[in-house]
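Scroll down for the structure; my scribbles are underneath it.
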Amino acid sequence: MDIATLLGIILGFALVIGAIFMGGSLGDFIDIPSIMIVLGGTGAAISVTFPFEEVIHAFAGGIQVFAGRRVRPQEVVNTMVRIAEISRREGLVALENIQTENALLKKACQLIADNADPALIRDTVMIEIATMKRRHAVSIAVFNRLGAVAPAFGMIGTLIGLVQMLARLDDPSAIGPAMAVALITTFYGALLANLLFLPIAGKLKARTLQEEVHLYIIFEGAKSILENNNPRLVYEKLSSFLPPQERKSAR
């Protein structure tokens, strides 16, 4: 689990709620019609903008931001070095028996075992990268759109509340509470956008860049194993993907 992401969101909401308690009652910030406008309007707008299956996929990707374990490039480099060691000790054919949850790594091992042309491996990886980028781009676009739409519907709710308030100007005692309710929808929209939707979009973008690096490491490792399956040379090449301070520990 990505503790930093979960901790950041929990801490953000906790600080906001704590500030509310310090200045008044939490009940003053709960308004069912405002919640209906922000959540309902945002959900409806997203359903119109994107196909339903893409919205479902985006939320599944958003859950992975919290649940998925972050794989470091160092781990991928170490994995490719171990594969090089197996291929040198037992031969390329032995890579057919490599067991891994990474589908592309499994495919790369199969291509190495078949002594495939490096150009074929590169084409396979490029297709995988393009597909991954397109899949992640949709999820990022969904959460970016949520981040834009939620404050907009918060403002719509505020306008609705202002209209209702102005319709009751004959009762001065109702103006203050009505104004407070009118502003709550803007609060809901801004809070959801800046503490949930946009941060998730940013984290998904960062994950996309990380996965792209992992795929390039797999490609370069597979090509190096085919060209010269010396594990040390494979490491020396792949270590270029690592920060300088991590290169010695990856050996």
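If I take every Cα pair under 8 Å that is 6 or more residues apart in region 144-248, average their sequence separation and divide by the length, what percent do I get for the relative contact order? Relative contact order of region 144-248: 27 percent.
How large is the charge dipole for the chain, taken about the Cα centre, if only the Cβ atoms of Lys, Arg (+1) and Asp, Glu (-1) carry charge, to the nearest 20 debye? Once rounded to the nearest 20, the dipole reads 760 debye.
The angle between the Cα long axis of helix 103-113 and the main principal axis of the chain comes to about 10°, on a 0 to 90 degree scale.
Look at the dipole of the chain built from charges on Cβ: of Leu162, Asn194, Ala206, the Cα furthest out on the positive end belongs to Ala206. In the full protein context, region 1-125 carries 60 Å² of accessible surface per residue, based on a 1.4 Å probe and ignoring ligands, DNA and RNA. Straight-line cross-link reach from Lys237 at under 22 Å between alpha-carbon atoms covers these lysines, not counting any fewer than eight positions away in the same chain: Lys106, Lys107, Lys223, Lys248. Ranked by the mean number of other Cβ atoms within 10 Å of their residues, highest first, the peptides 48-54, 176-182, 216-222, 136-142 fall in the order 216-222, 136-142, 176-182, 48-54. Placing unit charges on each Cβ (+1 for Lys and Arg, -1 for Asp and Glu) gives region 82-221 a dipole about its Cα centre, and among Asn115, Asn97, Ile175 the Cα reaching farthest toward its positive end belongs to Ile175. Across region 92-184 the C-alpha pair distances fall into 5 Å bins from zero in the proportions 3, 12, 12, 10, 8, 6, 6, 5, 5, 5, 5, 6, 5, 5, 4, 2, 1, 0 percent. Rounded to the nearest 20 debye, the dipole size of region 82-125 about its Cα centre is 140 debye, using +1 on the Cβ of Lys and Arg and -1 on the Cβ of Asp and Glu. The magnitude of the dipole of region 7-83, with charges of +1 and -1 set on the Cβ of Lys/Arg and Asp/Glu and taken from the Cα centre, is near 520 debye. The alpha-carbon positions of region 208-247 define a convex hull whose volume is 54 Å³ per residue. Look at the Cα gyration tensor of region 1-55: its axes a ≥ b ≥ c give a/c of at least 1.5 with a/b at or below b/c, and that counts as oblate. Just want to confirm a number: the relative contact order over region 67-217, from Cα pairs under 8 angstrom separated by 6+ residues, in percent. Relative contact order for region 67-217 comes out at 27 percent. Among the listed values (i) 25.8, 101; (ii) 19.5, 59; (iii) 25.7, 89, the one computed from these coordinates for Rg and Dmax of the Cα atoms in Å is (iii). Applying a DSSP loop filter and a limit of 10 other Cβ atoms within 10 Å to the GluC sites (Glu not before Pro) in region 85-184 leaves Glu101. Among Met36, Leu226, Ala4, whose Cα sits farthest toward the positive end of the charge dipole of the chain (+1 at Cβ of Lys/Arg, -1 at Cβ of Asp/Glu, about the Cα centre)? Positive-most Cα among the choices belongs to Leu226. For region 141-194, the solvent-accessible area of protein heavy atoms averages 51 Å² per residue (probe radius 1.4 Å; ligands and nucleic acids excluded). Of all accessible surface on the chain at a 1.4 Å probe, what whole percent is carbon and sulfur? Here it works out to 65 percent.
Could you bin all the Cα-Cα distances of region 1-109 into 5 Å bins starting at 0 and give me the percent of pairs in each, rounded to whole numbers? Answer for region 1-109: a P(r) of 2, 8, 10, 11, 12, 13, 10, 8, 6, 6, 5, 4, 2, 1, 0 percent.
The trypsin sites (Lys or Arg not before Pro) found in region 96-168 that occupy coil by DSSP, while having at most 14 further C-beta atoms within 10 Å, are Arg168.
The values are calculated or read from the model by the stated rules, or taken from the named source; none is laboratory data. Just so you know, these numbers come straight off a predicted model, no measurement behind them. Cβ coordinates were reconstructed from backbone atoms using ideal geometry, including for glycine residues, and neighbour counts include every protein chain displayed. Surface accessibility is based on the protein's heavy atoms, side chains included, excluding ligands, DNA and RNA. Shrake-Rupley method; radii C 1.70, N 1.55, O 1.52, S 1.80 Å.
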